[in-house]
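Take a look at the structure below.
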Amino acid sequence: MNDEFLTSLRRQPPAQFSRELKRKLQAQDAQQQRRFWPRRFKTLLLLIAGPALATGIFIFERSPPAAAPPTTLATEPRQTLAAPTDTSPAPQEQQPPAAAPEQTLPVEAPPARPAVKIATSPQARGFIQTVVDGLQPRSSNLRPQLQEMEAGAAFAALCSPESVRQVDIVISSRRITREEFMTCRRHGGGNVTESKAGYQALVLTGARDSRPMKLTARDVYLALARQVPDQIYGTSIDNPNITWDQVNRKLPYRPIKVLGPASYLPLRQLFENLLLDAGCNLAPAQPDVCHALRIDGVYAEVEQSATLIPQYLWTDPNALVLVDYEFYRDNRSQLAGSALEGPEPSSATLADGTYSLARPIYVYTDVGRIGRAADGPNIMQSLLSPRLPNPNQYGFVRIDERERKNPWHPLSESDLIPQKE
Amino acid sequence: MHGARPAEPTDKVDWDAVYADQLPRIYNYFRFRLGRAADVEDLTARTFEKAWSARSRYRRDLAGFSTWLFRIAQNVGTDHLRARRPHAPLDMAAGLAAELTPESQAARDSDLSRLGRLTARLPEREQDLIALKYGAALNNREIARLTGLSESNVGTLLYRLVQTLRSQW
């Protein structure tokens, strides 16, 4: 096709315009960063004060008994035990007379180890917090400290040099990249391990005997978003779509009705991250309205109950329902297959990543250093245990036994060769 | 026809590279879409500002970056064209048309203006196809993703459009 007369019309943008726009975008970034300054300041303060406090405690502990009373042990309960030796005036009846001299003897304190620091993505924070709170037993009384970070920042923290390392375990819904892994190696952390703790997965389905649908994320978004781009002018308008064929001409004439999790539930956040963001990217709408759903009854919040959902679907066979994968698996006989295009949800499609409404939960640590944090290996073991607690409403799916591998096997560079998409 | 394209941005996005790669595409998309140089810089800047402020929400596993960016550009362009659409009375429009034929105007104008005048007769969708293909240098698959047409349909439409434009050039 002779189209030279068209291709020859292309021009490079003026260099000055290019530079000025870049400067403008960088200024926009700086403005956003200024808004986050108080938060960053707090983090910085924590980073400075944390090690300083730890060093102070360490020096205090190591001082001779004369200089420091033997009341300073690493954990709070021991401090309570040693309290009677305090020289401050205290009511006589509160001090057990016989036990006091024994308790004031210098005790061989175990070396103070900091609490395990776990970095998790904001999306998985709620779920991981619940899981970590339920981890038992612990040999020390130090609770793991959970920090919310984007994956890139978390891997940077895990892979920073030993002296400034801020994170012991990273929980992420994406894999570490080769570049991040090489950074770890450069900083002496060559024993990074990668394990899957499980998945978070949802299923959009319908009544068992309903007509099968094969929707895209874009279709679902355009059916459920409160505001959608106008077909003609591209501006945002209130969603006028009532039937699926209005959303996409290839879809059948069928009233749009979707039942899903309430806005305050963690499952709703998963729905937003996995499906609405996908549709919003493809639509695309203004990013700030990506999660705003219709309030005209087309989307209805429903409790995920094995009794209620089949009843709803029985009364309205056109309705679709969004449930977590475990609920879907447990009630498969009452439900149709997935209403989204692509493979059906199963252990295999979750594992190979082909099922679109799921995300893996990876756990990373440096086995050479995890032992230096209090309870580090125990917590790591618990996170990867087949008996990991499964709190409701997070859409968590335990990993299939066949997929489970040795959590202490260090990752190698060849494991991270990019796979073809 | 087009040079090698850098890889799509990964999870760890090199925004400098993305900017360098996408800026000429968006810029030329608007040049072809509007058929004139005026407003092109403004619309390009507006597209990048929108995308930049929302880029933390972009996820590679959900849509190609250029698809996402061009969706924004399409909306920005549509908003602009809608706001600028002239509302001249019909009889005045008829007079204007009689006064300046496309051929006489084209002889005086630059090639870009000539293209703008020729594509102005086409439906919106076809104008967009030309801008995406020859302005933004997207391939047929990417255009299909953006327009909702099939890849083969995009190829056929573009072939016919180029034939038509060339015959009038």
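I'd like the mean, over residues of A:8-19, of how many other protein chain beta carbons sit within 10 Å of each residue's own Cβ.
Numbers: counts 2, 11, 11, 8, 4, 10, 2, 0, 1, 6, 7, 0.
Mean shielding by partner chains, rounded to a whole number: 5.
Each Lys or Arg adds one and each Asp or Glu takes one away; over the other residues whose Cβ falls under 15 Å from the Cβ of A:Y299, this sums to -3.
Computed over protein heavy atoms with a 1.4 angstrom probe, the accessible surface ordering of B:L34, A:L6, largest first, is B:L34, A:L6. Between A:E301 and A:D400, the simple spin-label model (points 7 angstrom out along Cα→Cβ) gives 3.5 nm.
Taking every protein chain into account, the 1.4 Å probe leaves A:S347 with about 50 Å² of accessible area, to the nearest ten.
Please give the per residue accessible area of region A:268-421, computed with a probe of 1.4 Å over protein heavy atoms only, in Å².
Details: 7130 Å² over 154 residues.
So region A:268-421 comes to 46 Å² accessible per residue, rounded to a whole number.
Against the criterion of solvent-accessible heavy-atom surface with a 1.4 angstrom probe, A:K405, A:K196 sort, most first, into A:K405, A:K196. A simple count of charges around A:N239, restricted to other residues whose Cβ falls under 14 Å of its Cβ and scoring Lys, Arg +1 and Asp, Glu -1, yields 0. Amide H to amide H, with H built 1.01 Å from N, A:A300 comes under 5 Å of A:V258, A:L259, A:G260, counting only residues 5 or more places away or on other chains. Rounded to the nearest 0.05, what FRET efficiency do A:Q26 and A:R185 have when you use their Cβ-Cβ distance and R0 = 30 Å? Taking R0 as 30 Å, the efficiency between A:Q26 and A:R185 is 0.45.
Summing charges over neighbours of A:R10, with a neighbour being any other residue whose Cβ is under 10 Å away from its Cβ, gives +3 when K and R count +1 and D and E count -1. Each residue of region B:17-29 was assigned a 3J(HN,Hα) from its phi angle through the Karplus curve 6.51 cos²θ - 1.76 cosθ + 1.60 (θ = phi - 60°); the sequence is 5, 4, 4, 4, 6, 8, 4, x, 5, 5, 4, 6, 4 Hz, with glycine and proline shown as x.
With θ taken as phi - 60° and the Karplus curve 6.51 cos²θ - 1.76 cosθ + 1.60 applied, the whole-hertz 3J(HN,Hα) list for region B:121-136 is 7, 7, x, 3, 4, 5, 4, 5, 4, 5, 5, 5, 6, 9, x, 7 Hz, x standing for glycine and proline.
For an R0 of 60 angstrom, estimate the FRET efficiency from the Cβ-Cβ distance between A:D209 and A:F17 and round to the nearest 0.05.
Details: r = 60 Å, r/R0 = 1.00.
So the FRET efficiency works out to roughly 0.50.
For the pair A:S346 and A:N141, label points projected 7 Å from Cα toward Cβ lie 5.2 nm apart.
Computed with every protein chain present, the accessible area of A:I256 is close to 10 Å² [probe 1.4 Å]. Measuring with a 1.4 angstrom probe and ignoring ligands and nucleic acids, A:C159 comes out at about 0 Å² accessible.
Exceeding 21 Å between C-alpha atoms, which entries from my cross-link table qualify? They are A:K117/A:K196; A:K22/B:K133; A:K24/B:K50; A:K22/B:K50; A:K117/A:K405. Provide the component values of the computation, followed by the final result.
Details: A:K117/A:K196 19 Å; A:K22/B:K133 25 Å; A:K24/B:K50 12 Å; A:K22/B:K50 13 Å; A:K117/A:K405 23 Å.
Beyond 21 Å between Cα atoms: A:K22/B:K133; A:K117/A:K405.
Cα convex hull, region A:282-387: 210 Å³ per residue, rounded to a whole number. Residues B:S56, A:S412 ordered from highest to lowest accessible area at a 1.4 Å probe: B:S56, A:S412.
The values are calculated or read from the model by the stated rules, or taken from the named source; none is laboratory data. These numbers were taken from a predicted model, which means no experiment stands behind them. We place every Cβ from the backbone using ideal geometry, glycine too, and count neighbours over all the protein chains shown. Accessible surface areas use protein heavy atoms only, side chains included; no ligands, DNA or RNA. Shrake-Rupley method; radii C 1.70, N 1.55, O 1.52, S 1.80 Å.
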